[in-house]
Every structure is written in C-alpha cells, then in structure tokens.
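The structure appears right after this line, and notes come after that.
Bear in mind that the values in this text are calculations on the coordinates, not laboratory data. Small disclaimer: the values here were computed from a predicted structure and weren't measured. Every residue, glycine as well, gets a Cβ built from its backbone with ideal geometry; the counts of neighbours run over all protein chains shown.
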Amino acid sequence: MSHSDKKSTKLASQQTAVMSYLEDLLLEVPPLLPDLPDNVKAFPKPVSDTSAKLKNPVTDQHAAEVQEAPAVEEPVRLVEQKESAASTTPEAETQTAPLADLRPSWAEQEFQCLMFNVVGISLAVPLVKLNGVIPWTDDLTPMPGHSEAFLGLLRHLGKNVKVMDTATVILPPQQRQQLAPVEERMKKIILMDEGRWGLACDDVGEVITLQSEQVRWRTAAGRRPWLAGTIPDRLCALLDTGVLADQLADG
Amino acid sequence: MKIWSVANQKGGVGKTTTAVSLAGLCALHGYRTLMIDMDPQGSMTSYFGYDPESVQPSLYDIFQQTTISRQFTHNLVRKTAVNKLDILPASTAIATLDKQLGAKSGMGLAVVNAIKNFTDEYDHVFIDCPPMLGVLMVNALAACDHLVIPVQTEFLAMKGLERMLNTLQMIERAKAININYTIVPTMYDKRTRASIDSLAYLREHFTEHLWKSVVPIDTRFRESSKEGLPISHFRVSTRGARAYSALLDELTTTISDESKAAAR
C-alpha cells in the first residue's frame, strides 16, 4: 500500500478540541437523576462524521423510562418545521438588502456544534459560543414587563442568567399559541453569551463537527437575524448566538 | 470556607512550596486547613510523610464514586504533624485518570462536589495542581475561589504562564465563570540577571494580577520539606516565610474584596 493510500486521522482544530474537552468535563450532570446510568447522563461524544445518525444513549433496561421523552434520534417533523422556522423564506430574504458576507468568523474553519431540540425543531449552536448546559429548573424569578419569551432570571454560579423560551423566540406568533406549558416542555437550559442568556429547550443531542461548506449560509438579513444558516444534511438550523443575544437584549 | 488552587502548567515553579507554605500559615493563625494533593507526582503527599505509591484511600477514590457521601470524603483525609492542618493525599494512580475517563461528562466537577462535604469542617482548602492540562487541572480550577499562579522568575516560566492563562480563559468560557487569580513571582534571586529581567517582564505585561512583592530563593524551604513541616512551622522568621506571610495577607484581602464585590 502506498503512503498516499493510508487514511489519515482527521482531528479537530486544537482550540476546538480543547474547548470540546473542557465543556464535556464541566458539564453539570443533573443531580436529580442519580439512578440513571452514566450513559444516559453523558454528554454525547464529538463525532466527525456528520452523516452519522443521532444515537439514543439509553440502555435497554431503561428504555421504558425514556419513551415518554422526545426521541432524539428522530428528526421530528423536520421537513415541515424547516418550512416554518428553520429555513429562510423567500419573502424574508427579499425584504432587506443582501449583505456581503454573513458567515460568522468562527465558521471560517472546521467547527463543532451542539444539536438540540425545540418543539421538534432541530437546532444547532456552535460550541465556541456555548458556555454550558444545565438541567431545567422551575426556580426562575419572573420579571414583569418583559417579552413573552422571557421566562425569568436564574441564579447560576453567582450570575443572573436570563432564561428564554427558545420556542417562543423562533416560532411565528400563530404557532406559539399551540405550545404546551413551559414546565411540560423544558428539559435543559443552554448557556450562551458568557452565561448571560439561557435558552430553554426540550433536549440536547450530540456534538457534530462541520466544515463551513456543509452549511448553507444566509446571504441576506431577513426576519430571523439569529439564523446563521441551515445544515441540509441534518435538516437543522444553525444559530448565530451573538446576533441572537443582541436581539434578546434589544427586547 | 475558601478554596485556593495553586497551579501553573510549568513544573518546578514552586507550586507545592506555595500551597504548603500558605496552608501552614493559615493553620498557624488558627484556621482549620485542608490541603488536597492533585499532582500525580504526589510531592505534597510525600512532603507530609505519606507514600503516593501505596497510600489508600486517596484522591483517586473520589473519581471512582458516582455519589460521594460526607463520611466517604472524611475518610480520605489524613492528619499531618501540624495542628489544624490536614491533607487529602494523592496516589500515583491519579496519573491514569485522563486515560480512564477521557472527557467523561461531569468529571471535571468531581472534586467540586466532594469539597462541598468539607464546608463545615475547614476554613481554608489549598489544592496543589498538576503541571498539565487534564481532568485534575480542570477539577482544581473549577473548584477554586481564587487561583494562585506561582511563576519562577526565569524566561521559560513566562511561556508557561501564558499557557496557564490561556487554559484559564478557556475554562472560564466553558463554565461561564470568572476565576480571579494572582501571579506570584517565586525563586527570585536578586543576584541573577534572569530573575531581574523576568520580574521586569512580569511587571510590564501582567501588572493587574501580579503580586507586588516576590518570594525569594531560600534554602530553608528545602530544609523544611525534609522535616515534613511548612516553612511557617520550621523557621517562621526566614525570608521565605515572611514573603508567604505577606502574600497570604494580600490574598485574604483580595478574596475578601472579591466576595464583597460578588455580593453587591
């Protein structure tokens, strides 16, 4: 076999590898689930094969317990949700002038994303913009006068995290009315923007590694400036957390 | 309870000496003090007469547990020859943790969770860190209220300091926290150009977090380790002991200010 025939091991960039390692180690495992096996609590390992199927990290003996939860491995209603939320609609694109380049700087090289689910919509956030994932808690301090998406303040590690209902942020008004109560939907809070904001979501999935060309980047600012692009292989929307944080801060 | 980690990604800069000296001074002042050895080399463990090759139970046992009871953590602690100064020893086996655990979710917080069991028993906890990034270093940084970074006053140590600060920044980002830190120039020898130049470099580039004074080179540190005593309990009037005493004053003032700022 010639030297060129050998398959080389593809590694993540140094910075991405270290950040991914640190985030896994520092993931706060829900203390209320002591009886679940480790592989249920475990944060999924980074994978470099973006065509790999989402894995359900549940052993047979606990299968019954998790059947009630949304199945991560099913791309639930992805196709129709892609129409409603995860893609840029033509009219949205044409409402504003096209921008020269909306590709974020973190996507210039290979990057990793954490996938998560919100009312059946598959979303992804870049790991470099992620500050942690914590279990959902009802212990939020409500703040009157804010938008309906604002669930309240959560005290976490000495900081006040503003927790948002991600579904309310991303869905159009008519679909928000059909949402189940918050306490029935939420399982996790994704911390971003240095922990100032928390995105409440149904569940988190695996970490995927992407090349920039695997994302269909937005080419114009539309009604969803927080949408960095879509990942066609995954039927998934990629969030630009920086823009989303700015948008949330602006109310 | 205040938790201090002593770390640098370069070896031989005085981490163990700094941790033991500060812990000894706290004990001398009447504070109930615990030292945790998280360095696989087990220097701190050896310092107090325990053998890292054979000591059991040790820090290693914390990583074997899924839930850690109060009784369990208390059984890990050993007495030292110094009143009010205890140690949770390291065993050589902790060197295998990275290979065994990989990046297993949540293992960077195993020590944080174990230390919570000591809240009522100790006033100060000093953690001696390993000189490389891994599950132990991440645990130590995630657990601490304040990080002390000893830096030997010589050129190669400056690079080690930059690596350490880079690691610190990434852990802050991963955990969405701020870790306050103090850089402590160590092994300062005013007779050498290397020490003078290195200190000048530190003062020029790291002013904000740099301790204003230095820990001088002092052969009494070696003698005190041979006796298994912190410098404060060996020769409290030595230059080295006086330097660490001044450092402790500065650190306790700093952490008090940080606590007040956090409470506001």
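Within 10 Å of each Cβ in B:177-187, how many Cβ atoms from other chains are there, averaged over the peptide?
Neighbouring Cβ atoms belonging to other protein chains average 1 per residue here.
Evaluate peptide B:167-174: per residue, the Cβ atoms of other protein chains within 10 Å of its Cβ; return the mean as an integer.
That average works out to 5.
Given a 10 angstrom Cα cut-off, can you work out which residue in B:ILE36, B:ILE177, B:ILE149 is the most mobile in a GNM of chain B?
Comparing B:ILE36, B:ILE177, B:ILE149 in the GNM, the peak value goes to B:ILE177.
In the structure shown, do any of B:LYS84/B:LYS190; A:LYS159/B:LYS99; B:LYS84/B:LYS226; A:LYS188/B:LYS159; A:LYS129/B:LYS99; A:LYS188/B:LYS79 have a Cα-Cα gap over 31 Å, and if so which?
B:LYS84/B:LYS190; A:LYS159/B:LYS99; A:LYS188/B:LYS159; A:LYS188/B:LYS79
So if we plug the beta-carbon distance of B:GLU162 and B:THR96 into 1/(1 + (r/R0)^6) with R0 = 41 Å, what FRET efficiency do we get, rounded to 0.05?
The pair B:GLU162/B:THR96 has a calculated efficiency of 0.90.
Under the definition of Cα pairs under 8 Å and six or more residues apart, what whole-number percent is the relative contact order of chain B?
26 percent
How far apart, in nanometres, would the label points at A:ARG196 and B:GLN65 be if each is projected 7 angstrom from Cα along the Cα-to-Cβ direction?
3.9 nm
Under a point spin-label approximation (7 Å from Cα along Cα-to-Cβ), what is the B:GLU204-B:THR254 distance to one decimal in nm?
Simple spin-label model gives 2.2 nm for this pair.
Calculate the spin-label point distance for A:SER147 paired with B:THR192, positioning each point 7 Å from the Cα along the beta-carbon direction, and give it in nanometres.
Between B:THR192 and A:SER147, the label points sit 5.9 nm apart.
Given the peptides B:18-25, B:139-146, B:241-248, arrange them by the average over their residues of other C-beta atoms within 10 Å, most packed first.
Ranked from most to least packed, the peptides come out as B:18-25, B:139-146, B:241-248.
Per residue of B:104-113, how many C-beta atoms from partner chains lie within 10 Å of its own C-beta, taken as a mean?
6
Using r as the Cβ-Cβ distance of B:ASP120 and B:ASN178, and R0 as 35 Å, what FRET efficiency do you calculate, to the nearest 0.05?
Once the sixth-power term is evaluated, E becomes 0.85.
Just want the ordering: A:PHE111, B:PHE126, B:PHE206, from fewest to most Cβ atoms lying within 10 Å of their own Cβ.
Arranged by neighbour count, lowest to highest, A:PHE111, B:PHE126, B:PHE206 become B:PHE206, A:PHE111, B:PHE126.
Can you give me the convex hull volume of the Cα atoms of chain B, divided per residue and expressed in Å³?
Dividing the Cα hull volume of chain B by its residue count gives 123 Å³.
For the residues B:ASP86, B:ASP39, what sequence is obtained by ranking on other C-beta atoms within 10 Å, fewest first?
Ascending Cβ contact count within 10 Å gives the list B:ASP86, B:ASP39.
Sequence gap at least 6, Cα distance under 8 Å: using those rules, report the relative contact order of the range A:101-208 to the nearest whole percent.
34 percent
Remind me, relative contact order of the range A:146-188 in percent, using alpha carbon pairs under 8 angstrom and six or more residues apart?
28 percent
Only helical DSSP H runs with n ≥ 4 go in: add -39500 (n - 2.57) per run for chain B, normalise by residue count and round the 222 nm mean residue ellipticity to 500 deg cm²/dmol.
-13500 deg cm²/dmol
Could you rank the peptides B:185-191, B:68-74, A:188-194 by their average count of other C-beta atoms within 10 Å per residue, with the highest value first?
Taking the mean over residues of other Cβ atoms within 10 Å, the ranking is A:188-194, B:185-191, B:68-74.
Under the 0.36 nm per residue contour assumption, what length would be gained going from the current alpha-carbon distance of A:ARG103 and A:LYS187 to full extension?
27.2 nm
So the label point goes 7 Å from the Cα of A:ASP246 along Cα→C-beta, right? Which residues of the range A:179-209 then have their backbone N under 20 Å from it?
A:192-199
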